[in-house]
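For reference, the structure discussed in these notes is given below.
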Amino acid sequence: MTTALATAIIVVALLIAVYALVTALRGRAMGLPDLIGLGVLEVLLIAQAVVGFVKLSGDEGPKHPATFIGYLLAVLVIPVAGAAWGLLERTRWGSAVLVVAGVAVAVMIVRMNQLWSGSA
Amino acid sequence: MPEPDTGVTGEPAAARPGGERVRTGSGPGRLLVAVYAIFALAAGARAGVQIGTKFSDAPLAYSLSAFAAAVYVLATVALARGGRTSFRVAVTACSVELAGVLAIGTLSLVDRAAFPDATVWSGYGEGYGFVPLVLPVVGLLWLRRTARRARTGG
């Protein structure tokens, strides 16, 4: 994992969560800014997956990489699922789902950092 | 973006009661389903890795992880689908979850030796910010609310 990329992902994910929270509190459905944010997040996550696999094949990272690889791939699903949900549920609750998605991605990245450095 | 019709209560027009179908997956239910989906994913992935790589280390804990994952998947699908049968399945799944987190949470504190590695339910779900403890309670409350609304028709 690269710290810069991980930090960028966490920042974008939390920005999406905060923006979506404000949207939800105002009783609005998800809008274009959310979709753009999720798109950026997905691109960053794909970049991370590529970098992660390259580094893993170069003998870096955790000794037992199975869990890490699981996170690496599972996290890719979340922005896509969040966007689909937000488009499907055109109410404040669609925005609320994005809050969950953003926080979940941030938490997963923190957890992946721990796995990578072997501190947990 | 067009403004959706959210009505005075903030509920979507389509989710307003009146239909026969018990709608557990729309409105606030979406949020619940989303959190359940993430837990199904997390618990499932964790159980898969644990069982696939080191099952003999802690067979009890890993079997429980797999069981917990299965219950989360069941609850997610049942809540998302709605309808009468799904409603019963969702109530059962949430109840099993609540019983599981309480039983395993207590057991994991009393008999640490039996759980050399953590499950989602260990320590009442402390590894997951106690969400596994809160989730089934919220789930059951939500199911009760939707059932009540469906019965009274408004």
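Only the coordinates and a few stated rules stand behind these numbers; no lab work does. Quick caveat, the model's predicted, so the values are computed rather than measured. Cβ coordinates were reconstructed from backbone atoms using ideal geometry, including for glycine residues, and neighbour counts include every protein chain displayed.
Pair-distance distribution P(r) for the range A:3-117, from all Cα-Cα distances in 10 Å bins starting at 0: 15, 46, 25, 11, 2 percent. Size descriptors for the protein assembly as shown: radius of gyration and Dmax over Cα atoms are 19.6, 63 Å. Between 0 and 90 degrees, the angle of helix B:84-110 with respect to the longest Cα principal axis of chain B falls at about 30 degrees. Only helical runs count toward this figure. For chain B, summing -39,500 (n - 2.57) over DSSP H runs of n ≥ 4 and dividing by all residues gives -23000 deg cm²/dmol at 222 nm. The range A:1-38 and the range B:81-138 have Cα centres separated by 29 Å.
I'd like to know which of B:Ala40, B:Thr76, B:Thr152 lies farthest towards the positive end of the charge dipole of chain B, counting +1 on Cβ of Lys and Arg and -1 on Cβ of Asp and Glu. Farthest towards the positive pole: B:Thr152.
Dipole magnitude for the range B:22-152: about 960 debye, using +1 per Lys or Arg Cβ and -1 per Asp or Glu Cβ, origin at the Cα centre.
Shielding value for B:25-33 is 5, the average number of Cβ atoms from other chains within 10 Å of each residue's Cβ.
Note on A:30-39: average number of Cβ atoms from other chains within 10 Å of each residue's Cβ is 1. The long axis of helix B:28-54 is offset from the longest Cα principal axis of chain B by roughly 20 degrees. Taking Cα atoms only, the orientation of helix B:131-152 departs from the longest principal axis of chain B by about 30 degrees.
Distances between every pair of Cα atoms in the range B:22-152, grouped in 5 Å steps from 0 to the bin holding the largest one, split as 2, 12, 21, 22, 17, 12, 7, 4, 2, 0, 0 percent.
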